[in-house]
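Scroll down for the structure; my scribbles are underneath it.
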Amino acid sequence: MKKSILNLEGVQVLTKKQMKMVDGGRRCSLDTSTEPQVLYSPGTTEGPNAGELVPVAVTCAYTCRNTFLGIGVGSTYTVWGGC
């Protein structure tokens with residue numbers, strides 16, 4: 001079976017160094033059970049709105065799981081990022 005795979009067009013054998021660099025990734029999906037969070041920044045120091053907080057971004061929760069070669073490994077965890 002190995003020979004038939006190696007004979008396919010475009011297949012190349014990785015060196016040991018390249019094999020060590022094979023890294024997994026992660027798959028994430030939007031967590032709809034949590035509400036988006038609004039991030040605020042201090043406003044201006046002068047004028048009628050001095051000291052008020054100004055919304056600058058909205059973040060959403062994502063449930064993620066690490067993968068290796070497309071297979072989920074380990075526990076799920078939450079990451080906050082742009083919506």
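The values are calculated or read from the model by the stated rules, or taken from the named source; none is laboratory data. The structure displayed is predicted, hence computed values, not measured ones. Side chains are part of the model used for accessible areas, which takes the heavy atoms of the whole protein and leaves out ligands, DNA and RNA. Shrake-Rupley method; radii C 1.70, N 1.55, O 1.52, S 1.80 Å.
Atom-type composition of the exposed protein surface of the chain places 57 percent of the accessible area on carbon and sulfur (1.4 angstrom probe).
Considering Cα pairs under 8 angstrom that are at least six residues apart, work out the relative contact order of the chain and quote it in whole percent. The value is 26 percent. Fully extending the segment from K17 to E46, taken as 0.36 nm per residue of separation minus the present Cα-Cα distance, adds 4.6 nm. Residues in the chain average 86 Å² of solvent-accessible surface per residue, probe 1.4 Å, ligands and nucleic acids excluded. Highest GNM mean-square fluctuation among T32, T59, T15, for the chain modelled with Cα contacts below 10 Å: T15. For the chain, adding -39500 (n - 2.57) for each run of n ≥ 4 DSSP H residues and dividing by the number of residues yields -3000 deg cm²/dmol at 222 nm. Note on the chain: the alpha carbon radius of gyration divided by the globular reference 2.2 N^0.38 Å gives 1.96. Under the 0.36 nm per residue contour assumption, what length would be gained going from the current alpha-carbon distance of V56 and I71 to full extension? Going from the current span to full extension adds 1.7 nm. Solvent-accessible surface of protein heavy atoms, probed at 1.4 angstrom with all chains present, puts R26, R65 in the order R26, R65, largest first.
Across region 46-59, rounded Karplus estimates of 3J(HN,Hα) from the backbone phi angles (6.51 cos²θ - 1.76 cosθ + 1.60, θ = phi - 60°) give 10, x, x, 9, 4, x, 6, 7, 10, x, 10, 7, 10, 10 Hz, Gly and Pro being marked x. Each of Y40, Y77 has its accessible area taken with a 1.4 Å probe; listed largest first, they run Y40, Y77.
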